[in-house]
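K.L.:
The structure follows.
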Amino acid sequence: MARILSEQERFRREAMSKLRTMGIEPYPAAEYPVTHKSKQILADFEADENSVGEVCVAGRLMTKRVMGKASFAVLQDSDGRVQIYVNRDELCPGEDKTMYNDVFKKLLDIGDFVGIKGTMFRTQTGEPSILVKELTVLSKSLRPLPVVKTDSDGNTHDAFTDPELRYRQRYVDLVVNPSVRDIFVKRTKIINTMRRIFDRAGYFEVETPILQPIPGGAAARPFVTHHNALDIPLYLRIANELYLKRLIVGGFDGVYEFAKDFRNEGMDRTHNPEFTVMEIYVAYKDYNWMMNFVETMLQEVVEEVNSGETEVMVGDQKINFKAPFARVPILKAIEDHTGHQLIDKNEDEIRTIARSLGLEVDDTMGKGKLIDEIFGECCEKHYIQPTFITDYPVEMSPLCKKHREDPRLTERFELMVNGKEVANAYSELNDPVDQRERFEDQLKLSKKGDDEAMFIDQDFLRALEYGMPPTSGLGIGIDRLTMMLTNQSSIQEVLFFPQMRPETFDAGPKTDEFIEIGVPEEWAEHVATLFGTVADMREKKPGAVHQQLSGLRKKNKLDISTLTQEQVAGWFE
């Protein structure tokens with residue numbers, strides 16, 4: 001069943017048909033020779049009004065003010081907006097004024113893509129504008145955009161702000177809310193700046209498998225799928241760590257990857273099941289070197305996206321990314337903020353402490369998870385300025401090297417900013433015997449019911465047995481970093497298309513029961529749209545129904561037969 005069109009949608013389709021009747025293709029295939037973008041035109045014109053000659057621009061019509069023989073409109077391209085001035089005699093210098101009188105005035109709508117050629121000038125009110133000499137229809141918009149209005153005081157009315165609509169229809173959000181585009185421009189700058197730093201250091205960008213036979217490299221619940229040809233289960237990767245380490249075994253001194261990872265866990269304002277992470281591994285380095293590398297890298301990234309400044313606002317907090325960052329051991333952080341010393345406590349003692357702190361824990365949680373829960377709930381929120389939380393207990397870090405001075409700890413850090421983890425790094429475990437024991441400990445946790453415990457990856461253990469040099473590895477969540485550097489509180493704001501429940505589309509009104517009672521097929525869709533069901537229609541009087549349908553036909557100029565009162569009355573028998 002076809003979707004019932006709104007009045008505006010019908011008018012736009014009629015305009016599309018009229019354009020074709022006039023010999024104007026509303027969706028031309030040919031290249032349009034754009035020579036300028038709005039932002040550069042305006043900048044050049046303000047600098048020197050004589051420096052801008054003929055321009056050729058393309059974009060969407062966002063506003064349109066028709067005033068007889070002359071009109072103003074606003075054109076929006078990928079860089080911004082520019083006003084255009086359409087004068088009938090300038091656009092149509094000959095006798096034929098169709099392009100202005102019919103095409104521009106009557107058949108073009110807000111949201112249509114057009115191309116224009118013309119020259120820059122300044123209006124009497126001082127507004128830089130393009131005097132249009134030539135206009136080309138590039139794409140007809142069949143759905144009306146939300147009309148966002150700004151009054152003379154700068155107040156916005158009818159804004160497109162509903163989060164669910166914005167995330168589902170990001171294409172509309174980007175058109176009518178220009179600030180949204182800025183978030184994603186900054187996101188790309190963050191990635192490009194990091195890539196430039198890594199390339200400058202001589203590290204090698206690689207790609208590793210997304211479909212994996214064993215979901216390794218992190219403690220998380222994976223998505224499971226099935227490979228039909230091999231008849232085996234496969235997992236969407238939860239991390240790319242183990243494959244990148246294999247490449248260090250293979251002889252690369254430094255490898256990195258911007259990867260899509262997937263975790264079949266909860267969704268909230270800071271978690272999406274599909275997310276972007278950057279992981280880098282550098283041979284012959286340790287976590288102390290990596291801390292220095294990270295703080296100088298992040299300072300450069302922040303300066304790049306923040307016009308040279310190292311301070312950014314995150315919520316109501318001013319965060320300064322200028323290196324160096326503070327360093328605090330995790331057990332000291334827990335002692336400072338809870339009063340409990342955990343270093344020599346066993347699992348049951350730590351579980352008792354966690355419960356005394358009001359935390360919800362259970363018997364499936366091992367020592368590492370319990371400590372992580374205490375730190376996450378009681379300590380994270382206190383670290384607003386960039387701080388390296390270091391030296392995690394060995395139970396929390398199955399892939400990390402034991403601390404050189406205290407074997408109960410590991411050489412690991414997490415970077416906390418505004419109470420959130422931004423980065424995680426290790427002096428990587430390269431002792432294959434120790435690694436096997438750690439994997440076996442994870443297997444015991446899995447048998448206890450921990451569905452986030454790591455799998456044993458026998459091939460990775462085999463790779464380590466060939467020898468991996470001392471290595472430091474780092475992972476940074478690109479989505480969370482982007483949230484901070486664009487001052488967004490929800491991860492959905494920094495993802496073009498965040499995961500959502502599938503949208504249900506209305507298949508249109510059900511017409512069968514109306515046809516069964518004698519409604520003509522050409523009328524059935526309109527009657528069903530108005531009344532929903534036969535029972536609802538019969539709650540009205542036949543005369544009122546006839547009057548309503550006759551009005552509908554007249555108002556919308558429907559090309560269908562006229563109904564008689566007798567016909568309508570027959571539907572009520």
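K.L.:
Can you find a residue in region 462-481 that is at pLDDT 90 or above, outside any helix (DSSP H, G or I) and open to solvent by 70 Å² or more (accessible area, probe 1.4 Å)?
P.N.:
Within region 462-481, one or more residues are at pLDDT 90 or above, outside any helix (DSSP H, G or I) and open to solvent by 70 Å² or more (accessible area, probe 1.4 Å).
K.L.:
Let me ask you something else. Within region 272-299, how many residues turn out to be within 17 Å of E205 (Cα to Cα) and without any contact (Cβ under 8 Å) to a residue 60 or more places away in the chain?
P.N.:
0
Okay, residues lined up against (1) more than 33 Å from the chain's Cα centre (by Cα); (2) of a type in the set (F, W, Y):
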| residue | (1), (2) |
| --- | --- |
| G358 | yes, no |
| C379 | no, no |
| F388 | no, yes |
| M396 | no, no |
| P407 | yes, no |
| A423 | no, no |
| V433 | yes, no |
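K.L.:
Shifting gears a bit: Of the residues I183, I248, I210, I232, which single one is at pLDDT 95 or above and under 14 Å from the mean Cα position of the chain (by Cα)?
P.N.:
Going through I183, I248, I210, I232 in turn, just one is at pLDDT 95 or above and under 14 Å from the mean Cα position of the chain (by Cα): I183.
K.L.:
Among the residues of region 23-58, which ones are touching a residue at least 60 places away in the same chain (Cβ under 8 Å) and either loosely packed, with under 12 Cβ neighbours inside 10 Å or in a helix (DSSP H, G or I) (or both)?
P.N.:
Scanning region 23-58 gives I41, L42, F45, E46, G53.
K.L.:
Of N487, N424, which residue is among the polar types (S, T, N, Q) and either in contact with a Leu (Cβ under 6 Å, 6 or more places away or on another chain) or assigned to a loop (DSSP other than H, G, I, E, B) (or both)?
P.N.:
Just one listed residue meets the conditions, N487.
K.L.:
Which one of these is in the same structural domain as V137 (by the TED database), under 32 Å from the mean Cα position of the chain (by Cα) and not basic (K, R): L42, L19?
P.N.:
L42
K.L.:
Let me ask something else about it. Touching a residue at least 24 places away in the same chain (Cβ under 8 Å) and over 16 Å from I116 (Cα atoms), is that true of R20?
P.N.:
no
K.L.:
Can you work out which of the residues in region 222-239 that are under 16 Å from F455 (Cα atoms) and not in a strand (DSSP E or B) is most open to solvent (accessible area, probe 1.4 Å)?
P.N.:
My answer is F223.
Here is a yes/no grid of residues against (1) more than 30 Å from L481 (Cβ to Cβ); (2) modelled with pLDDT of 95 or more; (3) not assigned by the TED database to the domain that holds D89:
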position: G126; (1), (2), (3): yes, no, no
position: E134; (1), (2), (3): yes, yes, no
position: T150; (1), (2), (3): yes, no, yes
position: T156; (1), (2), (3): no, no, yes
position: L165; (1), (2), (3): no, no, yes
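K.L.:
Please state which one of D372, D441 is part of a helix (DSSP H, G or I), open to solvent by 30 Å² or more (accessible area, probe 1.4 Å), in contact with a Pro (Cβ under 8 Å, 6 or more places away or on another chain) and modelled with pLDDT under 95.
P.N.:
Answer to the check: D441.
K.L.:
Would you check which residues across region 240-262 are surrounded by fewer than 22 Cβ atoms within 10 Å (Cβ to Cβ) and assigned to a loop (DSSP other than H, G, I, E, B) and list them?
P.N.:
Correct list: G250, G251, F252, D253.
K.L.:
Looking only at residues that are within 15 Å of the chain's Cα centre (by Cα) and open to solvent by 20 Å² or more (accessible area, probe 1.4 Å) in region 273-305, which one is farthest from V422 (Cα to Cα)?
P.N.:
This residue is E274.
K.L.:
May I pose another question? Could you say which residue among E405, E421 is in the same structural domain as L461 (by the TED database), open to solvent by 40 Å² or more (accessible area, probe 1.4 Å), touching an Asp or Glu at 6+ places or on another chain (Cβ under 7 Å) and within 18 Å of R327 (Cα to Cα)?
P.N.:
Every option except E421 fails the conditions.
The values are calculated or read from the model by the stated rules, or taken from the named source; none is laboratory data. Quick caveat: nothing in here was measured; it's all calculated off a predicted structure. Neighbour counts are summed over all protein chains in view; Cβ atoms, including those assigned to glycine, are modelled from backbone coordinates with ideal geometry. With ligands, DNA and RNA removed, areas are computed over all heavy atoms of the protein, side chains included. Shrake-Rupley method; radii C 1.70, N 1.55, O 1.52, S 1.80 Å.
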